[in-house]
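Structure record follows, encoded as structure tokens.
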Amino acid sequence: MKRFLAVALGILTAIGGFVDIGDIVANAEAGAGFGIAHAWVLLVGVIGICAYAEMSGRVTTVSGRPVFDLVRERLGPRVALANLAGSLLVTVLTLGAELGGVGLALQLATSVNYLLWVPVVAVVLWVVLWRVKFDVLENVFGLTGLVLIVFIVAVVKLGPDPAQLWHQATRPGPTGGEDWGTYWFVAVALFASALTPYEVFFFSSGGVEERWTSKDLIRSRINVFVGFPLGGLLAFGIMITSATVFQPQGISVNTLAQVAMPVALAVGKLGLAAAILGFFAATFGAAMETGLSTAYTVAQYFGWAWGKLRRPRRAARFHTVLIVGILVGVAVLMTTIDPIQLTEYTLVFSAVALPLTYLPILVVANDRGYLGDRVNGRLANAVGSVYLVLVVAAALAAIPLMLVTRMGAG
């Protein structure tokens, strides 16, 4: 059991990264519009986040410090400030979207409008992040999010044609009335969702919170190479159920209720209940990640005392940033912007910010002053360099594709 729970941090991080509110709907939209023609994007995303999360975890276990802290020290305040500005904007907006996602999950369960739930969710989130131990958060919300495995069960029950799925996966491209611009816009959004900046900052800082040392390097790698592929598998389950039910009918997906419909059709009421519980756990877990990442990065940049294990009196500025981040997220939602649409915008901004996040991590992971003989090997540097090219390409393409396709509307 202890070994199983040892991967809880990776599971929580991966579920927040791969199946938050935007990714849940984005994968369903991709499945409804293109079948599983974007399956390769999920695979590329999983490999990329595994590569950089492993670097971040290794930096933390060897140095005992979070990667963002070392970025500022190694590359200077100007580079770190650019990193902070780009990631902070994306993270705070994502925090607002996740609060809305929790509200949408509660709306599915209670029929009460999600906006009425948002202030309640915000207060509960603050109390949980203030009072609940870190390992409890990992185990409860990370492992509860695993009930989204019901989408894999639904795939088996629905029984899609394997030959057709294989054809879609091996011949990626637009189908029906869709065009290449929309196809690539969705691809960039899915890619950015897999490598959102807050994932590596949360994972690295979480390792410090758990007091990882060089003895925990194997534990860190287990978290990475089990947690993130598992998150990718859950995201693929959502994509394939949507491809099976909606794509043949030419039905688009743009609500959380539609995402859950294939599970209800295949598994029934118990399956629907499991899906709603999974939505709640995944989005609340992502809200915790983004809330903490907001406070982590600001506090680490300015050299303040930080950590949810520290009492507010000893880390007052850290806890203040956390509260402000939550309030800003609530304020954004109170404009009545749709949480799903908000997350789609944040995925575009995330794609633009990716190079500012991952280049410094690659530099720090090669610094012998911090890591000694634990610096990147040839394989890690080769993979990291390839992904730098990919994130730069995604950053350059994101906004033009958004404008040309009108956010994927065609």
#### Entry: Listed residues LEU190, LEU81, LEU146, most fluctuating in the chain (Gaussian network, C-alpha, under 10 Å)
LEU81
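Please give the contour-minus-distance gain from ILE152 to THR335: 0.36 nm per residue of separation, less the Cα-Cα distance, rounded to one decimal in nm.
Result: 62.3 nm gained on full extension.
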### Query
Is the stretch 192-282 best put as rounded, prolate or oblate by its Cα gyration tensor, with a ≥ b ≥ c the root eigenvalues, rounded for a/c under 1.5, and otherwise prolate when a/b is larger than b/c, oblate when not?
prolate
### Task
With everything on Cα atoms, drop me the angle between helix 77-110 and the longest principal axis of the chain, reported from 0 to 90° to the nearest 10.
40
### Summary
Per the charge dipole of the chain (beta-carbon charges, Lys/Arg positive, Asp/Glu negative, Cα centre), the residue among SER204, ALA122, ALA194 reaching farthest to the positive end is SER204
### Task
Any chance you could check the Cα centroid distance between the stretch 355-410 and the stretch 91-140 for me, in angstrom?
30
#### Entry: 222 nm mean residue ellipticity, helices alone, for the chain (DSSP H n ≥ 4; -39,500 (n - 2.57); rounded to 500)
-25500 deg cm²/dmol
### Given charges at Cβ of Lys, Arg, Asp, Glu: the stretch 201-321 dipole, positive-most of TYR301, GLY237, GLY271
TYR301
### Summary
With Cα springs under 10 Å, the Gaussian network model of the chain assigns the largest mean-square fluctuation among ALA264, ALA316, ALA187 to ALA316
### Query
Near LYS133, which aspartates and glutamates are there with a Cα under 15 Å away, not counting those fewer than 8 places off in the same chain?
GLU209, GLU210, GLU289
### Query
So which residue, out of PRO172, PRO229, PRO339, gets the largest mean-square fluctuation from a GNM of the chain using Cα contacts under 10 Å as springs?
PRO172
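What does the C-alpha gyration tensor say about the overall shape of the stretch 18-161? Classify as rounded when a/c is under 1.5, otherwise prolate if a/b is larger than b/c, or oblate.
In terms of gyration-tensor shape, oblate.
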### For the stretch 227-281 versus the stretch 301-352, the gap between their alpha-carbon centres in whole angstrom
28
### Query
Expressed as an acute angle from 0 to 90° and rounded to the nearest 10, what is the orientation of the C-alpha long axis of helix 114-131 relative to the principal long axis of the chain?
30
### Task
Sketch the reach of a paramagnetic label on ALA257 as a point 7 Å from Cα along Cα-to-Cβ, and name the residues of the stretch 113-131 whose backbone nitrogen lies under 13 Å away.
113-114
#### Entry: For the chain, with +1 on Lys and Arg beta carbons and -1 on Asp and Glu, the positive-most of MET288, LEU256, LEU165 along the dipole
MET288
### Task
Find the accessible area per residue for the chain; the probe is 1.4 Å, ligands and nucleic acids are left out, and the unit is Å².
40
### Over the stretch 311-374, equivalent-ellipsoid semi-axes from the Cα gyration tensor in Å
32, 23, 6
### Query
Considering only protein heavy atoms and a 1.4 Å probe, what is the carbon-and-sulfur percentage of the accessible area of the chain?
66
### Query
Quick one: if the Förster radius is 51 Å, what FRET efficiency do ARG374 and VAL120 give, using the C-beta to C-beta distance and rounding to 0.05?
0.70
### Rounded to whole Hz, the Karplus (6.51, -1.76, 1.60) HN-Hα couplings of the stretch 361-369, x for glycine and proline
5, 5, 5, 5, 5, 10, 8, 5, x
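The values are calculated or read from the model by the stated rules, or taken from the named source; none is laboratory data. Predicted model only: the values in this text are computed from it and were never measured. Quick reminder, even Gly has a Cβ in these numbers, built from the backbone with ideal geometry, and neighbours come from all protein chains shown. Protein only, heavy atoms only, side chains kept; ligands, DNA and RNA dropped before computing areas. Shrake-Rupley method; radii C 1.70, N 1.55, O 1.52, S 1.80 Å.
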